[in-house]
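The values are calculated or read from the model by the stated rules, or taken from the named source; none is laboratory data. Predicted model, so just to flag it, every value in this text is computed and none were measured. Note: ideal-geometry Cβ built from the backbone for every residue, glycine included; neighbour counts use all protein chains shown. In case anyone asks, the SASA skips ligands and DNA or RNA and just uses the protein heavy atoms, side chains included. Shrake-Rupley method; radii C 1.70, N 1.55, O 1.52, S 1.80 Å.
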Amino acid sequence: MNAQPRLFCLPKFCLFMSKSLHLAILATLFSLSTPWALAEDTAPSTDGASTPDDSDTPPKTSLWEKIWPAKPVPVVIKHPVRIDVNDTSIAKIITEHLPLITQQQQEELDTEQIGFLVEEAPDQVQTMLQTQGYFNSKVQISPEGDGFVVTITLGPRTHIDNVSVAIVGDILSDDDLTQYYQNAMANWALPVGDPFTQSNWASSKSSVLTAVVRKKYPLATISASKATIDPNQNQADLSLTVDSKQPIYFGPIEISGAQRYPESVVRGMARFEPGSPYDLDKLLDYQQALEQDSHYGSAVVQADFKGMQDNRVPVKVAVNEMKRQKFELGLRYDSADGAGFRVGYDHYNVFNHGYVGSTLLDTDKYQTTFGFGLSQPRQSNGHFWTSNVSYQRSTAQKLEKKALTSGVWYVRDKNNIDSRLGLEYITESSRITDGGPDLGHSNALMVTASWKRQNIETQLRPANGYYLEGKVGTTLGTLGSSTMIQRVNANAGYYYTPQEKKYGTWVVRGQFGYVHAKDDANVPSSLMFRSGGATSVRGYEQDSIGIAGPNDSVLPDRVLGVASVEYQIPVYKDFAAAIFHDMGSVSHSFSSMKWEHGTGIGVRWFSPVAPFAFDVAYGHHDKKVRWHISLGTRF
């Protein structure tokens, strides 16, 4: 439904957004999310001792100094050191780590200390060069003015000639041995022909061990490791042996901290069962699921290897529960929609079985939503029931709608896939504002099925990954419906960032929708499509891409297509610049599709709360420039 509000959630934090988000709301968010706790020690003396003089009292630190502490005054280096080498990366390493330089930056040294560091410097430089694969270099240090010059003649660099990696132990009889080897070598940083570096050698050993201990063999160790350097041939032979030990399986889940809510709520979040092979990723997912669940404020999940028996490791879970009830009140101001407020109430233990009941009232000048939802806790097999009922009054592009919607869904949430089967009902009346015609009343009872998979590295700063979502629905003839309707809608997006993150991030997304109906006039407009705005086609007003109607209104239609490509260029720390091109079409049929384009630039701030975007875009169709603000990631 194009005009529906969008709910964006972080753990324990939700924003209910509609149309656009403006700076007033953003300022309020930051004032709430970053409280400053200031305290002064003003306790009076009770032992009769005298109060120290002001000269003995340390100076108080101002709030400004706490937020932006003064930078320490650098120590003046009396004996500067120049690194003479024809490789800037080597010069940087020596400059950052040579004690003759770093010790002078920290404190003032006397002549005896400087002499000792000068004497040790050649050997220290040689050691640093060897970590970069230079085993035949020459190093000299000589006076230069009040300081010194370190002259380095780099010899030929040592390259990898042979790599031998062996995984032994019980894993040899594992059916997934080939996959373990593939995972172990996926992040190997020293293939044959590459220059040897100590850091890459360490990371390669760690990546192989990690690939084994992550799944089924958490007791694996490195039993042998050797880097043989031939300085005459400038070659290195690497050998590594990992002993997998025996396979380990999950034992019982031991829960602490569950007082208000039944333990079944905690157990239902686990995506594994006692007796299944140990999997570190499943433990991490378990903890994240508990932390994001509304019943708990925090959670710690860990395998108790000290309590392991018969190769079964207990899983200890400690939770910190939220209170049973929560009441929320929020005020906002939107330059387009005026003042608005939001009232919400949640109860986390309905029926004393951990069911979550939620009530919401959200209203402004152009939209009012009132809803109630009830959801069963997730079961250990990933299944649960959820339902809601809501009323919405909205006006967008001179189309006024009053809709009552309800639904019940059976959800399967497993392996990062959310799939749902549901029965949904919508009844709606609509009209054109400013004295326009009444579009009548329509309703639909639909059986729906949806599928969603999201595999994004991090939602706070998406860099790599994708999301896919699809939904289909059909009425049961005209049972409970004003006409026969079939509907399909799909969304997809892809994020790609090269290994060198300085080259930026590409974002590609698309949306497709189609409604087949026997009689368009009897289809609820909420099931049809419009486009335009900050979350679809930038450069156009919200829901302004559609079919022209009476009184300059914009009406929805059967076919929707949206496509977008965006390139984000890192600028400074958590800031990036963006350039993008969006296109969208709403039409009665595929053959009549006419695409409307929007091109623009923007700024991205990846804040601790959520990604913030400010865009300025040019709408090619009406030749106007518009700006958009959005908070959150488009999924």
Q: Run I547 past the list (1) open to solvent by less than 30 Å² (accessible area, probe 1.4 Å); (2) among the β-branched types (V, I, T); (3) closer than 19 Å to T433 by Cα and report the number of the one that doesn't hold.
A: (1)
Q | Any chance R378 is part of a strand (DSSP E or B) and basic (K, R) | A | no
Q | Conditions (1) without any contact (Cβ under 8 Å) to a residue 60 or more places away in the chain; (2) under 30 Å from E400 (Cα atoms); (3) under 22 Å from the mean Cα position of the chain (by Cα); (4) open to solvent by less than 30 Å² (accessible area, probe 1.4 Å); number of the one not met by A534 | A | (1)
Q.
Which numbered condition in (1) farther than 30 Å from S207 by Cβ; (2) of a type in the set (G, A, S); (3) touching a Phe, Trp or Tyr at 6+ places or on another chain (Cβ under 8 Å) is the only one that G297 fails?
A. (3)
Q: Starting from segment 316-332, take each residue that is more than 15 Å from S298 (Cα to Cα) and list its partners that are open to solvent by 50 Å² or more (accessible area, probe 1.4 Å) and aliphatic (A, V, I, L, M), counting only C-beta distances under 8 angstrom and pairs at least six apart or across chains.
A: L331/A339; R332/A24; R332/A339
Q | Among residues of segment 595-635, those that are assigned to a strand (DSSP E or B), open to solvent by 80 Å² or more (accessible area, probe 1.4 Å) and of a type in the set (D, E, K, R), counted | A | 1
Q. Taking L631 and the conditions (1) modelled with pLDDT of 95 or more; (2) farther than 21 Å from G504 by Cβ; (3) of a type outside the set (D, E, K, R), which numbered condition does it fall short on, given that it satisfies the others?
A. (1)
Q) In this structure, does I432 turn out to be open to solvent by less than 20 Å² (accessible area, probe 1.4 Å), among the aliphatic types (A, V, I, L, M) and either within 31 Å of the chain's Cα centre (by Cα) or on the phi < 0 side of the Ramachandran plot (or both)? A) yes
Q: Any residue in segment 484-506 that's within 24 Å of L445 (Cβ to Cβ): show its pairings with residues that are open to solvent by less than 70 Å² (accessible area, probe 1.4 Å) and assigned to a helix (DSSP H, G or I) at Cβ separation under 9 Å, as long as the two are six or more apart or on different chains.
A: I485/N522; I485/L527; R487/L527
Q. Is segment 217-236 home to any residue that is β-branched (V, I, T), at pLDDT 95 or above, open to solvent by 40 Å² or more (accessible area, probe 1.4 Å) and under 36 Å from the mean Cα position of the chain (by Cα)?
A. yes
Q: Starting from residues that are within 24 Å of P570 (Cα to Cα) and of a type in the set (S, T, Y), keep the ones in segment 482-518 and report whichever is farthest from the chain's Cα centre (by Cα).
A: Y503
Q) Quick check: is even one residue across segment 455-472 farther than 26 Å from S394 by Cα, open to solvent by 10 Å² or more (accessible area, probe 1.4 Å), outside any strand (DSSP E or B) and hydroxyl-bearing (S, T, Y)? A) yes
Q. Out of the residues in segment 250-284 that are in a helix (DSSP H, G or I) and under 19 Å from V356 (Cβ atoms), which is most open to solvent (accessible area, probe 1.4 Å)?
A. R267
**Q.** Verdict on K365 being basic (K, R), modelled with pLDDT under 95 and surrounded by fewer than 18 Cβ atoms within 10 Å (Cβ to Cβ)
**A.** yes
(Q) I need the full set of residues from segment 133-157 which are in contact with a Phe, Trp or Tyr (Cβ under 9 Å, 6 or more places away or on another chain), more than 30 Å from Q233 (Cα to Cα) and open to solvent by 70 Å² or more (accessible area, probe 1.4 Å), in order please. (A) none
Q) Taking segment 391-402 as the region of interest, how many residues are within 18 Å of T359 (Cβ to Cβ), surrounded by fewer than 18 Cβ atoms within 10 Å (Cβ to Cβ) and not aromatic (F, W, Y)? A) 1
Q: Would you check if there is a residue in segment 587-602 being hydroxyl-bearing (S, T, Y), farther than 23 Å from Q486 by Cβ and without any contact (Cβ under 8 Å) to a residue 40 or more places away in the chain?
A: no
(Q) Can you find a residue that is under 30 Å from F116 (Cβ atoms), open to solvent by 50 Å² or more (accessible area, probe 1.4 Å) and not in a loop (DSSP other than H, G, I, E, B) anywhere in segment 159-182? (A) no
Q | From the options R342, R332, residue that is touching a helix residue (DSSP H, G or I) at 6+ places or on another chain (Cβ under 7 Å), assigned to a strand (DSSP E or B), open to solvent by less than 60 Å² (accessible area, probe 1.4 Å) and over 23 Å from N381 (Cα atoms) | A | R332
Q. Name the pairs: first residue in segment 466-477 and on the phi > 0 side of the Ramachandran plot, second residue open to solvent by 70 Å² or more (accessible area, probe 1.4 Å) and not hydroxyl-bearing (S, T, Y), Cβ to Cβ under 7 Å, at least 6 apart or on different chains?
A. G477/M484
